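Below is one structure, written out as structure tokens; comments come after it.
The values are calculated or read from the model by the stated rules, or taken from the named source; none is laboratory data. The structure presented is a predicted model; accordingly, all values stated were derived computationally and were not measured. Ideal geometry is used to build each Cβ from the backbone, glycine not excepted, and the neighbour counts take in all protein chains shown. What goes into the accessible areas is simple: the full protein's heavy atoms, side chains included, and nothing from ligands, DNA or RNA. Shrake-Rupley method; radii C 1.70, N 1.55, O 1.52, S 1.80 Å.
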Amino acid sequence: MIVSDLSPARRTALLGGTGLGLRTGPFFLRVHSRLPEVIDGVGMLYADNPAADDVPFADFDVAVAPPPGLRRWYRPQVRFLFDGRSPFLPLPRAQALPLLEWGLNWSISVHAHHYMIIHAATIARDDFAVILPAPPGSGKSTLCAGLVHRGWRLLSDELALMSLDGGAITPLVRPISLKNESIAIMRAYLDDPVLSPECADTTKGTVALLKAPLESLRQIDRKAMPAWVIFPQYEAGAPATMTPRSKANTCLEIGDNAFNYSVHGAAGFRLLTDVIDRCDCFDFRYGDLDDAVTTFARLEPPAAVAARDGRP
Amino acid sequence: MATRWKAVTNPPLLWREWNGEFVVYNDVTGDTHQMDAGSAAILKFLETKAADEATIHTQVEVQAERYGTDPARAQAAIDQFRLLGLIEPVNE
């Protein structure tokens, strides 16, 4: 069963009651909310995700709900709840749907230490993955959104889940978070994209959530072996340029972008250096999505990864 | 008696090298460091034996000549090694 198999009434009842069982990648969620924008948003953005109306066990039990007291009504706010507790401060009510996504990111990055979790987008072609680490504003999500609609499949827009045994990337396949100018860019670039309403005045600016491609969801269990680590940087008008970069520096940057590198200690160092050893590492500058797509289409997996037949 | 210095060995440093660039992991601090070949050679020397300042200075000049680096930069690396906990004084 997928989320869209549920009637709106049933979906509303589950979210407002015992919780909607939702699978995203390797995680089983139980999601609660009585807020119409969250109910509608989940129904839209997770329409093709596996769902259940009875979840005896969930990796994460989460909710988006108004706080108690006056802020339910006066300059209304919302909270993210994890196992009934709020790990961070409330946000304006208008940010309820993005808050669900941010809360899920937090839930995974803080708890899922059976992976090395890297703050990066990851995409794959066949069984070979690109890791795209990048700070905010680099154009990572725009590039990711473009590529996964042009021959690549989405593993994750935000969190790369790297296996501690061998480094394979496990798909997470959640909505892509677009910000500011990238929202209009993707509206124009894609045919009839499924986009949440825009949410202004967040700490990231204006955000909108783009539903993951159906083909990516169909391959939600297909892991991929890292073959490339590519640091993107959008620059208006720049020709698409792929420049080899230092593996030593890449190692440090990946470590800095890993939420739980310190948790894994020496094993984490060995894992990252083994993965980087096999990968080709680049800086990628681009100013046009079609150019970027063409450049990425020409990527060939390095011999060390291809020799494994890409078997994750 | 002059202080002698040695790289931390318990647990040992973990190394990886690509094209003459090195990364080293120190399990005591949990830190990962990047360094050039000359600096790495000095630190690897100090993994094998404790050395006083004069011996270290000689190593600095040897590696600077070998890798074409500025001796002042190599000496700065030694100072960094101390600050970062990659080398420690040896009690004898």
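Using only the alpha carbons of the stretch A:148-289, what is the convex hull's orientation-averaged projected area in square nanometres?
Details: hull surface 38.6 nm².
The number I arrive at for the stretch A:148-289 is 9.7 nm².
Got a sec? Charge dipole of chain B, +1 on Cβ for Lys and Arg, -1 for Asp and Glu; which of B:Asn10, B:Ala37, B:Pro71 is way out at the positive end?
Sorting the options by dipole projection puts first B:Asn10.
What accessible area, summed over both chains, is buried at the A-B interface (1.4 Å probe, Å², nearest 100)? Write down the numbers at each step before the final one.
Working: alone 13540 and 5570 Å², together 17910 Å².
The contact between B and A buries close to 1200 Å².
Using a simple spin-label model with points 7 Å from Cα along the Cα→Cβ vector, what separation in nm is obtained for B:Ala37 and A:Trp73?
With each label point 7 Å from Cα toward Cβ, the separation is 7.4 nm.
Springs between alpha-carbon pairs under 10 angstrom, Gaussian network model over chain A: which of A:Phe57, A:Phe259, A:Phe231 fluctuates most?
A:Phe57
When the helices in chain A are scored as -39500 (n - 2.57) per DSSP H run of 4 or longer and the sum is shared across all residues, what 222 nm value do you end up with, to the nearest 500 deg cm²/dmol?
Numbers: 10 runs with 98 residues, N = 312.
Roughly -9000 deg cm²/dmol at 222 nm, from the helical runs in chain A.
Binning at 20 Å from 0, report for chain A what percent of all alpha-carbon pair distances ends up in each bin.
Bin by bin from 0 Å, the calculated values are 33, 58, 9, 0.
Using only Cα atoms, what is the ratio of the radius of gyration of the stretch B:22-63 to 2.2 N^0.38 Å? Walk me through the intermediate numbers first.
Numbers: Rg = 11.2 Å, N = 42, 2.2 N^0.38 = 9.1 Å.
Relative to the 2.2 N^0.38 Å estimate, the stretch B:22-63 comes out at 1.23.
Going by Cα centres, the stretch B:41-60 and the stretch A:84-127 are how many Å apart?
What the calculation gives is 46 Å, centre to centre.
How large is the convex hull of the C-alpha atoms of chain B per residue, in Å³? Could the numbers behind the result be given before it?
Values: hull volume 8.0 nm³, N = 92.
Spelled out: Cα convex hull of chain B, divided by residues, is 87 Å³.
Just to confirm a number: summing +1 for Lys and Arg and -1 for Asp and Glu over residues other than A:Val62 whose beta-carbon lies under 15 angstrom from that of A:Val62, what do you get?
On the way: positive: A:Arg23, A:Arg30, A:Arg34, A:Arg79, A:Arg85, A:Arg174; negative: A:Asp59, A:Asp61, A:Asp83, A:Glu101.
Surrounding charge for A:Val62 is +2.
Please arrange A:Leu252, A:Leu147 by accessible surface area, largest first, computed with a 1.4 Å probe and ligands excluded. Each step should come with its number before you reach the end.
Working: A:Leu252 45, A:Leu147 0 Å².
Listed by decreasing accessible area, they come as A:Leu252, A:Leu147.
With springs only between Cα atoms under 10 Å apart, run a GNM on chain A and tell me which of A:Ser156, A:Ser138, A:Ser196 wobbles the most.
In this elastic network of chain A, the residue with the biggest mean-square fluctuation among A:Ser156, A:Ser138, A:Ser196 is A:Ser138.
Roughly what % antiparallel, to the nearest 5, for the DSSP beta bridges in chain A? Could the numbers behind the result be given before it?
On the way: 44 of 59 bridges.
Counting only bridges with both partners in chain A, antiparallel ones make up about 75 percent.
Simple spin-label model, 7 Å along Cα-to-Cβ: B:Thr29 to B:Asn10 in nm?
2.0 nm
Å³ per residue of the Cα convex hull, for the stretch A:38-179? Intermediate results must be reported in sequence, preceding the final value.
Details: hull volume 19.7 nm³, N = 142.
So the per-residue Cα hull volume is 139 Å³.
Please compute the contact order of the stretch A:1-137 in relative form: average sequence separation of alpha-carbon pairs under 8 Å and at least six residues apart, divided by the residue count, as a percent.
On the way: 206 pairs, mean separation 23.3, N = 137.
Answer for the stretch A:1-137 is 17 percent.
Please identify, among A:Leu190, A:Leu271, A:Leu143, the residue showing maximal mean-square fluctuation in a Gaussian network model of chain A using a 10 angstrom Cα cutoff.
A:Leu190
Among all the aspartates and glutamates, which ones have a C-alpha under 18 Å from B:Lys44's C-alpha, if same-chain residues fewer than 8 places away are not counted?
Those aspartates and glutamates meeting the cut-off are B:Glu17, B:Glu21, B:Asp27, B:Asp31, B:Asp36, B:Asp52, B:Glu53, B:Glu61, B:Glu65, B:Asp79, B:Glu88.
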